[in-house]
Amino acid sequence: MAEEWLGVEAAASGGESEEEEGQEDGERRHRQLLEAVSSLSGRRRQKLAERTEASVQVSEFNVSCEGAGEKLVLSELLQPIRPKSALSSVKKELTRVKQKKAVELPLSKEEAKRVVREAAYVRTSKDVGKWQQVVLQNRRAEQLVFPLKQEIATVVPLEQVASGWKARTPLEQEIFGLLYKTQKPITDPLLTPEETASLQAMSLEEARRRRAELQKARAMQSYYEAKARREKKIKSKKYHRVLKKSKRRKALKEFELLHKSDPEAALAKLEELEQLRMQERMSLKHQNKGKWARSRAIMAKYDLEARKAMQEQLAKNKELMQKVRVELPKEEPGDVPEEDLASVTVPTLPAGASETNPWMLGKPSSPAEEPEVQEGLGDVAVPGAAECKEEMEKEEEEMSEEEALLQDFAQKRHARQQRAGSPEGQGEGLAAPGSVGPVCCRGGQTKGGPGGCFLPSLTQLSCSLPPCSHGRCFSPVTSCVGADETEAVPELPGDGPIQPVCAEEQASTGIEQPSQAQEEILLSEQLGRVRTMEDVEALASGEPVEEQEKPAAARAEKQVQQQQEESRASGGRRARKPPAKKKIISLQAMLSGKTQEVQFSSLPVVVEEEDGGIDQRGVITEAFAGDDVVADFRREKRKAEQAAKPQPVNLVLPGWGEWAGTGLKPSAKKIKRFLLKPPPAPPRKDQHLPHVILSERRNIHAAAHQVSELPFPFERHQQFEQSIRTPVGATWNTQRAFQKLTAPRVVTRAGHIIQPISAEDVPDMGTAAGSGAKPALEIAPQRQEQPFRRPRKRAR
Amino acid sequence: VPRNYDPALHPFEVPREYTRALNATKLERVFAKPFLSSLDGHRDGVNCMAKHPKSLSTVLSGACDGEVKIWNLTKRQCIRTIQAHEGFVRGMCARFCGTSFFTVGDDKTVKQWKMESPEYGEEEEPIHTILGKTVYTGIDHHWKEAVFATCGHQVDIWDEQRTSPMCSLTWGFDSISSVKFNPIETYLLGSCASDRNIVLYDMRKSTPLKKVILNMRTNTLCWNPMEAFIFTAANEDYNLYTFDMRFLESPVMVHMDHVSAVLDVDYSPTGKEFVSASFDKSVRIFPVDKGHSREVYHTKRMQHVITVKWTSDNKYILCGSDEMNIRLWKANASEKLGVLAPREKAAMNYNQKLKEKFQYHPKIRRIAQHRHLPKSIYCQIKEQRIMREARRRKELNRRKHSKPGSMPLVSERKKHIVAVVK
């Protein structure tokens, strides 16, 4: 039993522990050992039939396991032949299953949505971000022209329009009937059949003939020209005389013939001749002015013939100048009251006297300066009038000059004016008034009568006007303050360089103001309405009364800061002061030194007038004979210097430490001790400028017009000053530059719909995301770069 | 004309230009007469307006009694009247092609109408009528496709051919007062709801994108037609907020000048300015990049302005108000209308430049900035200034008496944002 058990045991162990399967030899040996042991006991065991060879009939009921000497166990039968490999895969799977974790719970709905949203947002903002470059470009653009897509107006050919249109009304039908009758073409080419026929009719031969004709004509023309030139070059006087005479005779003959045959034509011819005469008279050819006439005049003394020729010439002249007298209008001469005449003549002067008017000469007056122009009108009369006076005086000796003048004018004036001008013609005494006539009557109102009548009034004017002109000289100086300040400016008799004064003073002194918050309130809203220009002006002059909260806020913030960090704040404040002072911007700072230029421009005036023989300076000195301007100025300057000197402070208290009373003076020691002498003032800036008083006091009248604080986009006051200094007007810039400078930032066209921007408007949108070098939009051609461009104020 | 540009001959350029600038400014103020005309004919307050996308002279308006009128601006008269809804016309928009328009009303319907009036004898009937379940409060049409969006309980996106929405977008449960399509990136939508938030949607993914919650409710928003990612929201707290949709944490600019709730906003087609209508009976024009208005329009008779539009030629402003009138204003108050001669134009440009150049000079600034205000608004402004000052002072005091750093300074831009929800 024991071995059986053992065998079963072994088998079971063998079955269970698959690793020992390989040790069959060991087992056999073990069995043999067991048999040997059992035989030793002597008691034989009954042997079971052992099947050793294969038989056909094998009962399923007695399957023996005799060989092994063990009991057959069902589990052994179930054992796979090669159990090792199959189970290992199962095991692997088992381990794998063991390693896998459990599936998590699905996300809640909100969470899931949130994830989707976030992803979508990121994507969308990236999509939208591709517009960034375009947007920035448009914001920075100097000029934007809307609509962005410029639709090109296509011109539809007329034929298309006509073919699509039908005549409906009877009138239209009638017109069309007419058109069709003449076979007016509607489609291209726009030629009638007749025209095409005529075009076709012109053959090649005909064209050649025509060309030959043309060539011939050209040749003839050039021959004729050459001949004429040759004849003209012939110097022989005799030849020319003969030629002229023959021509004259011929003309006479022709005229007589004409007179007989066609009296009207003859009359016309006569008229023509009269015209010729008038021209001749206007040209004043026969006036002993030519080279020939002058040579004759020299020769006349010795040569009889020459004298004769000259007389002939004079006679001719007389004949030419002879004219049927026209009665002058009655009201013209002296009846008119003088002041009336003056009032009429003076304004009409400038056009004629423009040469004598320095202001008209030097610079064309700008349209904006109306008051100055008015003044100019006033003083313009002076040189002209003075001239008149002079001419009265020097009539005789200045004959030739006068005549030259006359000739000058004669070229310009009309026949009508001439008729009214000097009836006596050659009268030399009357030539002078005649010359005045055109000068004065250019404007046309008075017909330039004999002139003598209003000369006195003019001379009167000339006496009364110099102060006016003097004032005029300084008017540019006074106007420099700006808007409506001209009357408020002090009169300076000197050369008037008051401008630098203000400029310097502005630059050096100034008030510090609380720094405004950077966000500006754009409107100052009030209860009052502004309807008229007067209201607006009142507004300009009024003080800004509305309380602004922002500065206050800023100030309060500053206070808090101070309280929190006192020491630093105070230090900071001290540090801030000087730049604040520097930032004071002056309007006049940009103007410094302009007065010199004024002087310069007025200089040639005087010179010219002296050339003309008029001493305006003399007139002025005469007018101001009483006052010595220069000395006055010097006195004034001395006074200003004294006033500007720092005064010593007297802190002497009589009675302290010594007796005091009437007749007692504090001791010298004490005075020396307590009289505080201030440090000497820095040298005056006008030290070396004799004509200038530089006052460093602040001018409140000018301050009202000045910017007291640096505006936001500017970083330094120089930038701002620069931006103000460059003029943009057409007075200072060429037309092209003016247009460029004043180009508006946004251009829209009336009646055009502006569509939102789209990707088609921006061709390089796809690539623009990174580079964006090309301008996105149409920019006005060749915009000039300004010296300082305001950066866009955009917080982002 | 040959000219000598020698500077010695033309002295005092700055004072002369200054004088010219001063005169130009004065003239500008004298000629500033912005009011052009009033279109009257409605029998109840004007609640909404729409521009015709193809015709400058046509404008549509819907009133609180459900009446829709189409106006001809050149003749300044009504050319067509439709009784479109029962109750308010809440919103209206024109189709991008200009052939038809949509209205939504209190009777829970969306109606599509033909733009041209019916032939003689034909009934005035909508092309389509969609019956909804809830009230629609606003409508906007897609800029390029046959799609429109309504808002109310939720944002619905509709195909024109269908009677049910393509998709409904919701986020939160409050009623949405306005929805607007982005004119550039046309798949984007913005809406504002009465729970104080502004929500952006993407139509492609049919999902909301982000939500920003402000202190108070936003009434309307409007996208910038030239800058795809910029929009401006008209808020109940008297301010307008310009946002960059990529950075919603703080607005790009806070525009403050109104003294009552801002009810409507519309951009100028150039994208440089926008106009806002307010409950304080005034219309203001703001530059996009400035915090304060450059212009304020008001008349004695104009009551609460409910809706405002900037015409698409950038020249005029239309505002519809409570007292049944639509008013036509010039966008640029002192502009001369009509054809300008070249010299006139040059002079205008020059004056403009001069005004710009000397705008910082006190005299000129004072004239240029002066505006007349009715007493009510003026007093309210003053009152609010005092209130603001008091609030600021209180905050300062608090900060002064609390531990340093415990009360951080919050910028004006951040102050009004409650939260940004992803």
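Starting from the Cα of B:Glu335, move 7 Å in the Cα-to-Cβ direction to define the label point; list residues of the range B:12-53 whose amide nitrogen is under 13 Å from there.
Label zone hits: B:33-36.
Could you work out the local net charge near A:Lys672, counting Lys and Arg as +1, Asp and Glu as -1, over the other residues with Cβ closer than 15 Å to its Cβ?
Neighbour charge sum, excluding A:Lys672 itself: +4.
Between B:Cys78, B:Val104, B:Cys93, whose Cα lies farthest towards the positive end of the dipole of the range B:66-116 when Lys and Arg beta carbons carry +1 and Asp and Glu beta carbons carry -1, centred on the Cα centre?
Comparing the listed Cα positions along the dipole, B:Cys78 ranks first.
Output wanted: per-residue J couplings in Hz (rounded whole) for the range A:656-664, from phi through Karplus 6.51 cos²θ - 1.76 cosθ + 1.60, θ = phi - 60°, x for Gly and Pro.
7, x, 7, 6, 9, x, 5, x, 9
Considering amide H positions built from the backbone, and no H for Pro or chain starts, which residues 5 or more places from B:Cys167, or on another chain, come under 5 Å of its amide H?
For B:Cys167, the qualifying residues are B:Ile157.
Along the positive direction of the dipole of chain B (beta-carbon charges: Lys, Arg +1; Asp, Glu -1; about the Cα centre), which of B:Thr170, B:Leu131, B:Trp310 reaches farthest?
B:Trp310
Which whole-number percent is the relative contact order of chain B (Cα, under 8 Å, 6+ apart)?
Once divided by the residue count of chain B, the mean separation gives 14 percent.
Just list whichever of A:Lys149/B:Lys315; B:Lys69/B:Lys133; A:Lys260/A:Lys316 have alpha carbons separated by over 22 Å in the model shown.
Long pairs (Cα-Cα over 22 Å): B:Lys69/B:Lys133; A:Lys260/A:Lys316.
Which far-off residues, 5 or more places away or on another chain, put their amide H under 5 Å from the one on A:Gly528, with H placed in the peptide plane?
It is B:Leu373, by chain and number.
Report in % the part of the accessible area of the range B:138-238 that belongs to carbon and sulfur, leaving out ligands and nucleic acids; probe 1.4 Å.
47
At 7 Å along Cα-to-Cβ for each site, give me the label-to-label distance between A:Lys289 and A:Lys318 in nm.
Output for this residue pair reads 2.0 nm.
Just in the range B:262-319: which trypsin sites (Lys or Arg not before Pro) are loop by DSSP and have at most 11 other Cβ atoms within 10 Å?
Listed in order of number, the matching sites are B:Lys300, B:Arg301.
Using 1/(1 + (r/R0)^6) with R0 = 22 angstrom and r between the beta carbons of A:Ala644 and A:Ala668, what's the FRET efficiency to the nearest 0.05? Don't skip to the answer; put the middle values down first.
Values: r = 29 Å, r/R0 = 1.31.
That pair, A:Ala644 with A:Ala668, gives E of 0.15.
Could you compute the FRET efficiency for A:Leu171 and A:Ala197, with r as their C-beta to C-beta distance and R0 at 22 Å, rounded to 0.05?
Efficiency, from the Cβ-Cβ distance: 0.10.
Report the accessible area of A:Tyr180, computed with a 1.4 Å probe over the heavy atoms of all protein chains in place, in Å² rounded to the nearest 10.
Roll a 1.4 Å probe over it and A:Tyr180 shows about 120 Å².
What value does the range B:283-368 have for Rg/Rh, both radii from Cα atoms and Rh as Kirkwood defines it?
Working: Rg = 15.6 Å, Rh = 15.2 Å.
Over the Cα atoms of the range B:283-368, Rg/Rh equals 1.03.
Which whole-Hz ³J(HN,Hα) couplings does the range A:307-316 yield from phi under the Karplus relation 6.51 cos²θ - 1.76 cosθ + 1.60, θ = phi - 60°, glycine and proline marked x?
Running phi through 6.51 cos²θ - 1.76 cosθ + 1.60 with θ = phi - 60° gives 4, 5, 4, 5, 4, 4, 4, 4, 4, 4 Hz.
Which ³J(HN,Hα) values, rounded to whole Hz and listed in residue order, are derived for the range A:252-264 from phi using the Karplus coefficients 6.51, -1.76 and 1.60 in 6.51 cos²θ - 1.76 cosθ + 1.60 with θ = phi - 60°, glycine and proline given as x?
Each residue's phi maps through the Karplus curve to give 4, 4, 4, 5, 5, 4, 5, 4, 6, 6, 9, x, 5 Hz.
For A:Leu675, what residues show an amide H to amide H distance below 5 Å, using hydrogens built from the backbone and excluding near sequence neighbours?
Counting only residues 5 or more places away or on other chains, the set is A:Leu651.
Calculate the dipole size of the range B:35-330 relative to its Cα centre from +1 charges on Lys and Arg beta carbons and -1 charges on Asp and Glu beta carbons; express the result in debye to the nearest 20. Walk me through the numbers before you get to the answer.
Values: 34 positive and 37 negative charges, 127 e Å.
My answer is approximately 600 debye.
Over both sides of the B-A contact, add up the buried accessible area with a 1.4 Å probe and give it to the nearest 100 Å².
Details: alone 22140 and 62240 Å², together 73970 Å².
Buried: approximately 10400 Å² between A and B.
In whole Å, how far is the Cα centre of the range B:186-216 from that of the range B:299-358?
Using only Cα atoms, the two centres lie 32 Å from each other.
Of B:Leu209, B:Asn182, B:Trp158, which is farthest on the positive side of the dipole of the range B:35-330, counting Cα position, with +1 on Lys and Arg Cβ, -1 on Asp and Glu Cβ, and the Cα centre as origin?
The one lying farthest along the dipole's positive direction is B:Asn182.
Would you please classify the overall shape of the range B:35-330 from the alpha carbon gyration tensor, given that a ≥ b ≥ c denote the square roots of the eigenvalues, rounded means a/c under 1.5, and beyond that prolate means a/b larger than b/c while oblate covers the rest?
In terms of gyration-tensor shape, oblate.
Is there a quick way to get the dipole size of the range B:299-422? I mean about its Cα centre, with the Cβ of Lys and Arg at +1 and of Asp and Glu at -1; what is the value in debye to the nearest 20?
Working: 32 positive and 10 negative charges, 163 e Å.
Dipole of the range B:299-422, to the nearest 20 debye: 780 debye.
Are any of the pairs B:Lys33/B:Lys345; B:Lys180/B:Lys309; B:Lys114/B:Lys281; B:Lys205/B:Lys415; B:Lys26/B:Lys382 more than 25 Å apart by Cα-Cα distance, and if so, which?
Checking Cα-Cα distances, B:Lys114/B:Lys281; B:Lys205/B:Lys415; B:Lys26/B:Lys382 exceed 25 Å.
The values are calculated or read from the model by the stated rules, or taken from the named source; none is laboratory data. Everything numeric here is computed off the predicted structure, so don't read it as measured data. Counting neighbours? That spans all protein chains shown, and the Cβs are built from the backbone with ideal geometry, glycine included. SASA here: full protein model, heavy atoms, side chains in, ligands and nucleic acids out. Shrake-Rupley method; radii C 1.70, N 1.55, O 1.52, S 1.80 Å.
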